[in-house]
Structures are given as C-alpha cells and as structure tokens.
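Enquirer: Okay, here's the structure, questions in a sec.
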C-alpha cells in the first residue's frame, strides 16, 4: 500500500510538532533551573554584602571598649568572631565555586578568586564533585606548668 505525499507530510509535520513541543519543555526546564541558580547566586551575594560590616562593627566595639567585658566574655566574643569569619570565608568560597561552575557551563573564562586553590574536584561515574577545603588556625591553650601544677 502506497502512502500519498499528503499523508507523509502530515506525519512529518506531526513529528516536528511533537519534537518542537518537547524541545520547548526542555528549554523551559533549563531556563527555570538557570533562574533558580541565578536567584541563589543573588541571595549569596546579598548575604556576603551584609556580613562584613556587622563583623567589623562588632570588632570595633570590642576593641574600643574591652573594659565592659570580663575575660570569659572576651574569649566567647573572640570565638564568635572566628566562627563568623569562617562562615564568611565559606560563603565566599562557595560563591567562587558556583561562579566557576557557571562559567564552565556557559563556556566563559573562569575568574580567579582567592579561594580558587581551595576547590577540589573529582569525577565519579556520571557526576563531577567539588568541595571547598579551607585551612584554619587552631588555638591551643597552655596548661599551667610549674611547681604548683600536678
């Protein structure tokens, strides 16, 4: 049985329509994923902009008025500043990691960042993983040593 040209054209048109609809759905999903990534990037950038002034104000306050606090409070404050600085560094490094990944996806040149050397990448089956590793100084407390100490 021979098919007429109009049936062939109709079948081709039908396949093209389905293909175009599928491509439109894929494009919409890709756009939504990119928009979610963009929104996340804006959120991180906003967070990064807000953190340093607060930490700097806290440091200035404690540096200018150390007399209002006892040693325990000063140690706790120092610990909070260290933790806040670590969080800020982690946020900034994560932002760097996301920026590098976006540049790779978009085919743009990678930007260099102070945490670029702290990003470790490896491939596992179908996935590529990346981790941010930051080094931090460790403060050791000295135990009293002398004739009176046990």
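Enquirer: Does any residue in the range 71-85 that is touching a residue at least 40 places away in the same chain (Cβ under 8 Å) come within less than 6 Å, Cβ to Cβ, of a residue that is assigned to a helix (DSSP H, G or I) six or more places away or on a different chain, and which pairs are these?
Expert: none
Enquirer: Say we look at the range 113-125 and pick out the residues that are touching a helix residue (DSSP H, G or I) at 6+ places or on another chain (Cβ under 9 Å) and part of a loop (DSSP other than H, G, I, E, B); which of these is surrounded by the most Cβ atoms within 10 Å (Cβ to Cβ)?
Expert: 115
Enquirer: List, please: which pairs have Cβ atoms under 8 Å, are six or more places apart or on different chains, and start with a residue in the range 17-40 that is surrounded by 10 or more Cβ atoms within 10 Å (Cβ to Cβ) and end with one that is modelled with pLDDT under 90 and assigned to a helix (DSSP H, G or I)?
Expert: 37/98; 37/102; 40/98
Enquirer: Within the set of pairs 6 or more residues apart or between chains, which connect a residue that is in contact (Cβ under 8 Å) with a residue 12 or more places away in the chain inside the range 108-128 to a residue that is assigned to a strand (DSSP E or B) and exposed (fewer than 10 other Cβ atoms within 10 Å of the Cβ) with Cβ atoms less than 9 Å apart?
Expert: Every condition considered, the pairs that remain are 120/129.
Enquirer: Does at least one position in the range 56-78 carry a residue that is at pLDDT 80 or above, exposed (fewer than 10 other Cβ atoms within 10 Å of the Cβ) and not in a helix (DSSP H, G or I)?
Expert: Taking every residue of the range 56-78 in turn, none turns out to be at pLDDT 80 or above, exposed (fewer than 10 other Cβ atoms within 10 Å of the Cβ) and not in a helix (DSSP H, G or I).
Enquirer: In addition: Could you please let me know if residue 47 is at pLDDT 75 or above, outside any loop (DSSP other than H, G, I, E, B), in contact with a helix residue (DSSP H, G or I) (Cβ under 7 Å, 6 or more places away or on another chain) and at negative phi?
Expert: When the stated conditions are applied, residue 47 passes them.
The values are calculated or read from the model by the stated rules, or taken from the named source; none is laboratory data. What you are looking at is a predicted structure, and each value in this text was computed from that prediction instead of being measured. We place every Cβ from the backbone using ideal geometry, glycine too, and count neighbours over all the protein chains shown.
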